[in-house]
Amino acid sequence: MIESDTIKLLREADQGIKMGISSIDDVLEHIDSHELKEYLISCKKKHLILKDEIEESLKDYGVEPKEPNGIIQKMSSMKTNMKLTFNDSCKRVADLMIDGCNMGIKSLSKYLNEYKDANEASVDITKRLINLEEELAIQLRKYL
């Protein structure tokens with residue numbers, strides 16, 4: 001059961017981090033603030049490092065990482081682009097990103113509780129991802 005819960009938790013963390021990276025990419029072209037753009041680029045780099053760690057952990061279990069559901073990812077991207085087409089202020093970008101962070105935190109926290117038998121390393125990775133999302137949401141508040 002430990003291996004099964006570990007793999008499931010890592011898969012969810014992998015999907016979540018990929019959606020987060022995609023969301024950052026979606027908003028970058030809409031940002032006029034150099035400060036906000038640089039912060040999000042820096043945050044994306046941290047996400048990419050953690051994504052690589054998650055993927056390596058999955059590979060250690062003989063599991064190939066998967067891309068997020070293409071339909072969900074495309075719909076999310078379209079929604080973001082549509083909302084920012086009419087209002088691409090830093091306030092709107094921050095609002096959208098904070099909503100995404102909160103959804104990720106909620107989902108990952110649920111999976112931590114659901115996959116109680118996951119090993120310590122996968123729990124640690126997931127908690128670090130939650131912390132990244134929490135920090136991003138906090139830093140974005142100043143743009144609201």
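Ligands, DNA and RNA excluded, the heavy atoms of L58 present near 0 Å² of accessible surface to a 1.4 Å solvent probe. Only alpha carbons enter this Debye calculation for the stretch 1-46, each as an equal point scatterer, and the log10 of I(q)/I(0) it gives at q = 0.15, 0.30 Å⁻¹ is -0.49, -1.01. When you filter the trypsin sites (Lys or Arg not before Pro) in the stretch 92-144 for DSSP loop state and at most 13 other Cβ atoms inside 10 Å of their Cβ, you are left with K116.
The values are calculated or read from the model by the stated rules, or taken from the named source; none is laboratory data. In this text the structure is predicted, and so the values were computed from the model without any measurement. Glycine gets a Cβ as well: all are built from the backbone with ideal geometry, and neighbour counts include every protein chain shown. Note: areas computed on protein heavy atoms with side chains; ligands, DNA, RNA excluded. Shrake-Rupley method; radii C 1.70, N 1.55, O 1.52, S 1.80 Å.
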